[in-house]
Structure formats: structure tokens, C-alpha cells
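See structure below.
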Protein chains: 4
Amino acid sequence: MTTPVPAPGLPPDSLDDLRERLRRFAAERDWEQFHTPKNLAMSVAIEAAEIMEHFQWLTAAQSADLDAAARHEAALEIADVLLYLVRLADALDVDMVAAAREKIELNARRYPARHGL
Amino acid sequence: MTTPVPAPGLPPDSLDDLRERLRRFAAERDWEQFHTPKNLAMSVAIEAAEIMEHFQWLTAAQSADLDAAARHEAALEIADVLLYLVRLADALDVDMVAAAREKIELNARRYPARHGL
Amino acid sequence: MTTPVPAPGLPPDSLDDLRERLRRFAAERDWEQFHTPKNLAMSVAIEAAEIMEHFQWLTAAQSADLDAAARHEAALEIADVLLYLVRLADALDVDMVAAAREKIELNARRYPARHGL
Amino acid sequence: MTTPVPAPGLPPDSLDDLRERLRRFAAERDWEQFHTPKNLAMSVAIEAAEIMEHFQWLTAAQSADLDAAARHEAALEIADVLLYLVRLADALDVDMVAAAREKIELNARRYPARHGL
């Protein structure tokens with residue numbers, strides 16, 4: 001994997017930092033054996049469903065008006081998806097931020113803006 | 001929202017950059033009305049399932065040995081989850097990287113390392 | 001909805017029976033207001049993820065060799081998906097068994113059998 | 001597996017019929033090797049997400065007011081979940097209707113009815 005190394009003195013990108021923490025976390029627990037792309041893809045989907053549980057019975061308006069405690073609970077579920085997503089991208093040795101930029105470009109062509117801003 | 005502003009001359013964090021791109025993307029298409037937390041949570045789960053489709057019938061070993069084309073396809077699906085996740089965190093006005101670091105700390109206490117490294 | 005009524009003396013179809021039980025269950029709790037097709041579709045997906053949790057870290061072979069207690073736990077998760085699926089089909093007023101037979105026919109044409117039996 | 005056999009002259013239960021069709025379908029294509037409980041659990045979740053795609057951007061009211069064509073499309077997605085669910089229950093050798101009745105009883109105790117009907 002070509003791990004981008006920040007120039008000396010620059011802060012590391014937040015996703016690079018999470019990736020390194022997760023590598024250590026898995027290594028210290030002998031969990032690498034479980035972290036196949038197939039299993040990690042399941043984990044991403046399982047955690048994504050846990051985000052939905054917070055919104056399942058809310059109206060659209062209620063979902064946009066959570067109090068601070070509920071927002072923090074949702075943030076921790078979002079975090080779980082992010083962590084498994086970072087780990088999956090690492091297991092596949094792909095750069096998900098580069099892929100995300102590519103996808104935005106693809107979507108911009110697929111769905112042209114209706115007006116300028 | 002307290003958007004972290006990088007110091008002049010420093011590269012923006014990759015997730016901050018994606019968040020800004022997605023805000024513009026939605027605004028230019030009048031899509032903000034659809035981007036309720038409830039709908040975005042569904043989108044995250046839908047795209048997570050599309051990642052799984054790439055691994056559904058593969059063995060664990062096959063999933064860890066994709067060729068470059070298949071890895072790129074998977075990366076674009078991972079990107080879709082990341083983009084909706086960034087957008088959901090923005091809609092809820094939460095810092096998902098801070099939440100991810102908090103979650104790693106919680107998990108470290110919950111699952112103590114079996115040995116040092 | 002054209003609810004099939006079994007002839008007198010015949011046992012009701014199991015799915016018809018579940019549908020009726022669920023109608024009563026929701027009515028007795030004033031839950032019909034929450035049971036929109038959109039919310040029920042989310043519920044099906046959330047419960048489907050809970051099935052996956054039972055298999056997430058197992059090998060394919062382990063997943064096929066559960067003990068009786070684990071099989072019962074999995075059966076109760078499968079039941080949750082089935083119940084929401086029955087409720088969703090009822091909310092949409094569609095016959096999911098007829099649709100399932102139609103889908104088997106479509107799949108038989110899409111994926112021809114490689115050999116007779 | 002204790003396959004319930006309907007008495008002579010009685011119609012088979014719809015889920016028993018689907019289970020038998022799916023057994024033949026898989027056998028005729030040599031697909032049994034892929035139909036591990038782990039893989040089938042993924043399939044249920046993937047198809048559940050495809051149901052959600054039909055409701056993702058609809059309001060609650062719109063989701064309850066689909067036209068006939070949209071309802072049929074949704075029915076075919078519901079059918080996919082049902083088929084994989086039947087297949088998963090068969091692979092695990094569990095009776096999902098019995099489990100569903102057990103779950104309704106558990107839920108009735110967990111969520112007492114607010115009023116009689």
C-alpha cells in the first residue's frame with residue numbers, strides 16, 4: 001500500500017490517522033484473521049443498519065431535529081460505519097478518498113446541475 | 001456547524017473537502033430538501049449493501065484476492081458509502097472523526113488487547 | 001385487499017395467519033400510523049442486518065454447523081424479517097407469494113438450469 | 001428436516017411450496033455449494049436494501065400511495081427477500097413460521113396492548 005506520508009510538521013489526514021489506529025487495534029488483538037474484505041463488508045452493512053435504527057420511526061422533520069444526546073448517539077453509530085469502511089479500504093488497498101472524488105465527478109456528469117450558484 | 005478551517009497554506013483535511021464538495025453538489029441540484037438524516041441513513045445502508053454484492057458469493061480467500069479491476073469497482077462502492085456518510089454527519093452537524101476516535105477508545109476498554117506489540 | 005379465505009375446515013395458509021395476527025397487533029397498539037411502507041422497508045433491512053450479526057465472524061463451514069441454541073437464535077431473527085415483510089406486503093396490498101412464484105419463473109429464464117435432475 | 005406433509009387433498013402451505021421450488025432450483029444449477037447460511041444471510045440483507053431503494057426519496061405519504069406499476073416492482077423486491085429467507089431457513093433447518101409465532105408472543109409481552117379491540 002502506498003501510504004501517503006504527510007510532510008514533516010503537517011497534521012496527518014484524519015482518515016490516514018484512523019487507518020493507522022485500526023491497524024494497531026487489530027494487530028494487538030490478533031483480529032487480522034477475521035478482517036477479510038467479505039467480513040468487513042458485512043460489518044459496514046450491519047453498522048449502517050444500526051444508524052437507521054435511530055431514525056426508523058421518526059418523521060423526516062423529527063430526524064432533522066434531534067437533541068444533543070440523540071445526535072451524539074447517532075454520531076457514534078456513524079463512527080462505527082466509518083471505522084469499518086476505513087478498515088475495508090485498507091484490506092483492499094484502495095484509496096477511498098480518491099474514489100470518492102472520482103465518484104463525485106461521475107455523478108456530476110450523470111446529474112447535471114439545474115442551475116449555477 | 002463549527003467547520004474546522006485549516007491554517008493558510010495547509011492542505012484541507014480530505015473529509016472536510018468532501019463535505020464542501022457535497023454541499024455544493026446538493027445545493028446546485030436543489031437536493032437539500034431530500035437530504036434529511038432519515039433519508040441519508042437509508043442511503044448509507046443501501047450503498048453498504050452494494051459493497052456486499054461484490055463479495056456475496058466469494059469465499060473469504062477470494063475476497064482477499066481481487067484483481068485490480070474488481071478492487072476499483074469495490075472502491076467506487078466504498079466511496080458511495082463514504083459520501084453519504086459525510087453528508088449525513090453534515091446534516092446532523094456532528095464530527096464523525098472525533099466520534100470515531102471516541103469509539104476506538106471505547107472499544108479499547110471493551111476489548112482489552114491480548115498482548116503488547 | 002383480496003384476502004384469500006380458506007374453505008371451511010381447511011387450515012389457513014401460514015402467511016395469511018401471520019398477516020392477520022400482525023394487523024391485530026398493530027391496531028391494538030395504535031401503531032398503524034408508524035407502519036408506512038417506507039418505515040416498514042427500513043425495518044426489514046434493520047432486521048436483515050441482525051440476522052447477519054450471527055454469521056459475521058464465522059467461516060462458511062461454521063455458519064453451516066450451528067448448534068441448536070444458535071439455530072434457534074437465528075430463527076428468531078429470521079422471524080423478525082418475515083414479520084416485517086408480511087406487514088410491508090400488507091401495507092402495499094400486494095401478494096408476496098404470487099410475486100415470489102413470478103420471480104422464480106423470471107430467474108429460471110435468466111439462469112437456465114445446467115442439467116436436468 | 002421435518003417437512004410438514006399436508007394431508008391428501010389439502011393445498012400445501014405456500015412457504016412449503018416455495019421451499020421445495022427453491023431446493024430444486026438450486027440443485028438444478030449446482031448452486032447448493034454457494035448457499036451457506038452466511039452467504040444467504042448476506043443475500044437477504046442485499047435484497048432488503050433493494051426494497052428500500054424504492055422508498056428512499058419518497059415522503060411517508062408518497063410511500064403509501066404507489067401506483068399499480070410501482071407496487072408490482074416493490075412486490076418483486078419483497079419476493080426476493082422472501083425467497084432468500086425461505087432458503088436460509090431451509091439451510092439452517094428451522095421453521096420460520098413457528099419462530100414468527102413465538103416472536104409475536106414475545107413482543108406481545110414486551111409491548112402490552114394499550115387497549116382492547
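Could you list, in sequence order, all residues of segment D:90-108 that are free of Cβ contacts under 8 Å to residues at least 12 places away in the same chain and assigned to a helix (DSSP H, G or I)?
Result: D:A98, D:A99, D:A100, D:R101, D:E102, D:K103, D:I104, D:E105, D:L106, D:N107, D:A108.
Residue by residue through segment D:52-67, note down the ones that are more than 10 Å from chain B (Cβ to nearest Cβ) and of a type outside the set (G, A, S). Quick ask: steps written out before the conclusion?
Quick first cut of segment D:52-67, residues more than 10 Å from chain B (Cβ to nearest Cβ) only: D:54, D:61-67.
Of everything in segment D:52-67, those that are more than 10 Å from chain B (Cβ to nearest Cβ) and of a type outside the set (G, A, S) turn out to be D:H54, D:Q62, D:D65, D:L66, D:D67.
Pick out, from segment A:3-66, the helices (runs of 4 or more DSSP H) lying fully within it that include 1 or more residues that are modelled with pLDDT under 95 and under 21 Å from the mean Cα position of the chain (by Cα).
Working: elements: A:14-28, A:37-53, A:60-63.
Of the helices (runs of 4 or more DSSP H) lying wholly inside segment A:3-66, those with at least 1 residues that are modelled with pLDDT under 95 and under 21 Å from the mean Cα position of the chain (by Cα) span A:14-28.
Looking only at segment D:71-117, which residues are farther than 18 Å from C:V86 by Cα, of a type outside the set (D, E) and either open to solvent by 30 Å² or more (accessible area, probe 1.4 Å) or out of contact with any His (no Cβ under 9 Å at 6 or more places or on another chain) (or both)? First the steps, then the outcome.
So the first thing to find is which residues in segment D:71-117 are farther than 18 Å from C:V86 by Cα, and the list is D:90-94, D:109-117.
Within this subset, residues satisfying the condition of being of a type outside the set (D, E) are D:91-92, D:94, D:109-117.
D:A91, D:L92, D:R109, D:R110, D:Y111, D:P112, D:A113, D:R114, D:H115, D:G116, D:L117 - these are the residues of segment D:71-117 that are farther than 18 Å from C:V86 by Cα, of a type outside the set (D, E) and either open to solvent by 30 Å² or more (accessible area, probe 1.4 Å) or out of contact with any His (no Cβ under 9 Å at 6 or more places or on another chain) (or both).
Any chance you could count how many residues in segment D:71-88 are touching a residue at least 12 places away in the same chain (Cβ under 8 Å) and at the interface with chain C (Cβ under 7 Å from one of its Cβ atoms)? Even if it seems obvious, please write down each step before you answer.
Initial filter on segment D:71-88 (touching a residue at least 12 places away in the same chain (Cβ under 8 Å)): D:73-74, D:77-78, D:80-88.
Now drop any that are not at the interface with chain C (Cβ under 7 Å from one of its Cβ atoms), which leaves D:74, D:78, D:80-83, D:85, D:88.
Count: 8.
How many residues are farther than 23 Å from C:A74 by Cβ, touching a residue at least 12 places away in the same chain (Cβ under 8 Å) and either within 14 Å of chain A (Cβ to nearest Cβ) or buried (at least 20 other Cβ atoms within 10 Å of the Cβ) (or both) if we restrict to segment C:20-51?
Summing the residues that are farther than 23 Å from C:A74 by Cβ, touching a residue at least 12 places away in the same chain (Cβ under 8 Å) and either within 14 Å of chain A (Cβ to nearest Cβ) or buried (at least 20 other Cβ atoms within 10 Å of the Cβ) (or both) in segment C:20-51 gives 4.
The values are calculated or read from the model by the stated rules, or taken from the named source; none is laboratory data. Everything numeric in this text was worked out from a predicted model, so none of it was measured. Cβ sites come from the backbone with ideal geometry, for glycine too, and all protein chains shown count toward neighbours. When the accessible area is computed, the model is the full protein with side chains, heavy atoms only, and any ligands, DNA or RNA have been set aside. Shrake-Rupley method; radii C 1.70, N 1.55, O 1.52, S 1.80 Å.
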